[in-house]
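K.L.:
Okay, here's the structure, questions in a sec.
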Amino acid sequence: MLTVVVGGLVGAAVRSAGGPGHRADHVASLLATLIQDAALVLVAVAFAATVGRVAAASFGLRPARLVPAAGLVALTLVGFYAVSAAWTALVDPQAEQDTLAALGADETPVLLVASAILVVAVAPLAEELFFRGFFYRALRNRLGVPAAITAVSLLFGAIHYTGPRTLALLPMLALLSALFCLLYERTGSLWPAVALHTINNAVAFAATTQTPGAALVGGAIGALMLGACALVPARLQAPG
């Protein structure tokens with residue numbers, strides 16, 4: 001509701017101020033997506049606050065052992081891409097999301113960089129905090145691990161549906177969500193899932209954006225985000 005209402009109002013204001021044209025539509029889409037990510041974090045924190053003190057560790061934002069976690073992320077990534085390649089070859093090699101087109105990543109350098117920041121850095125952190133750090137943890141405490149993973153993964157896949165061309169991608173997105181949950185369970189930290197999410201989005205950004213330099217921009221932002229996943233957790237850990 002926050003995304004629809006606030007995003008709709010902001011989008012209408014941007015389109016009204018910018019006049020007719022694709023650029024205003026792209027800016028509106030960027031802002032609406034940013035509002036959606038902010039709403040995920042806001043709702044998670046607000047609900048968590050109803051049952052006690054909220055801290056970063058409440059959502060799994062705690063340090064993990066760097067070398068084992070990095071190894072698990074790499075192993076999971078290779079396994080996922082192997083399964084995804086087989087699935088794509090068998091089902092629908094033309095399936096793709098139109099998110100980057102809506103954001104205007106191929107239109108101007110400013111939109112390219114803004115889209116990369118949103119897709120590669122902001123979305124992985126916001127989505128992991130909500131889906132794994134909040135929603136999965138809440139369901140796991142009530143339903144157990146298998147049922148929680150199933151419910152969260154089905155929802156995670158479903159919210160990425162943007163049209164018939166994306167339908168064949170949803171099982172792979174649900175599988176990716178399940179892998180995020182398993183990484184969280186294995187490491188006890190949300191940061192490895194954020195790192196894997198970042199890598200996946202950076203690769204997708206580089207592969208689907210046609211603008212020269214898109215791979216460099218997405219890769220640079222992804223590298224900065226991975227550095228943050230390695231360095232920030234210790235600073236967020238509460239004393240004692």
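The values are calculated or read from the model by the stated rules, or taken from the named source; none is laboratory data. Quantities reported herein were computed from a predicted structural model and do not represent experimental measurements. We place every Cβ from the backbone using ideal geometry, glycine too, and count neighbours over all the protein chains shown. Please note that ligands, DNA and RNA were not included when accessible areas were found on the heavy atoms of the full protein model with its side chains. Shrake-Rupley method; radii C 1.70, N 1.55, O 1.52, S 1.80 Å.
K.L.:
What is the local net charge at LEU72, summed over the other residues whose Cβ is closer than 14 Å to its Cβ (Lys, Arg +1; Asp, Glu -1)? The partial results should precede the final answer.
P.N.:
Details: positive: ARG65, ARG186; negative: GLU185.
For residues surrounding LEU72, the net value is +1.
K.L.:
I would also like to ask the following. Using a Förster distance of 45 Å, how high is the FRET efficiency between ALA151 and ALA17, based on the Cβ-Cβ distance and rounded to 0.05?
P.N.:
E(calc), rounded to 0.05, equals 0.65.
K.L.:
Can you pull the accessible area of LEU125 for me, 1.4 Å probe, Å² to the nearest 10?
P.N.:
My reading of the accessible area for LEU125 is about 60 Å².
K.L.:
Can you give me the accessible area per residue for region 72-165, using a 1.4 Å probe, in Å²?
P.N.:
Values: 4690 Å² over 94 residues.
Each residue of region 72-165 exposes 50 Å² on average to a 1.4 Å probe.
K.L.:
Let me check something: with ligands and nucleic acids excluded, how do GLU128, GLU185, GLU107 order by accessible area (1.4 Å probe), largest to smallest?
P.N.:
GLU107, GLU185, GLU128
K.L.:
I'd like to verify something in the chain: which complete DSSP H helices, judged by Cα projection on the helix axis, reach 20 Å or more and average at least -1.0 on the Kyte-Doolittle scale?
P.N.:
2-18, 22-49, 66-90, 145-159, 170-187, 191-208, 214-236
K.L.:
How much of the accessible area of region 99-211, probe 1.4 Å, is carbon plus sulfur, in whole percent?
P.N.:
In region 99-211, the share of accessible area belonging to carbon and sulfur is 70 percent.
K.L.:
I would also like to ask the following. If I take every Cα pair under 8 Å that is 6 or more residues apart in region 13-132, average their sequence separation and divide by the length, what percent do I get for the relative contact order? Mind showing how you got there, number by number?
P.N.:
Numbers: 58 pairs, mean separation 49.5, N = 120.
Across region 13-132, relative contact order equals 41 percent.
K.L.:
Separate question: At 1.4 Å probe size, with no ligands or nucleic acids counted, give the accessible surface of HIS160 in Å², nearest ten.
P.N.:
Approximately 30 Å² for this residue.
K.L.:
In nm, give the distance between the simple-model label positions of VAL110 and ILE159, each being 7 Å from the Cα along the Cα-to-Cβ direction.
P.N.:
Simple spin-label model gives 2.9 nm for this pair.
K.L.:
Rank these by accessible area, largest first, 1.4 Å probe: SER58, SER16, SER115.
P.N.:
Numbers: SER58 45, SER16 95, SER115 0 Å².
Reading off the accessible areas and sorting them downward yields SER16, SER58, SER115.
K.L.:
Between VAL43 and LEU75, what is the spin-label point distance in nm, taking each point 7 Å from the Cα along the Cα→C-beta axis?
P.N.:
3.4
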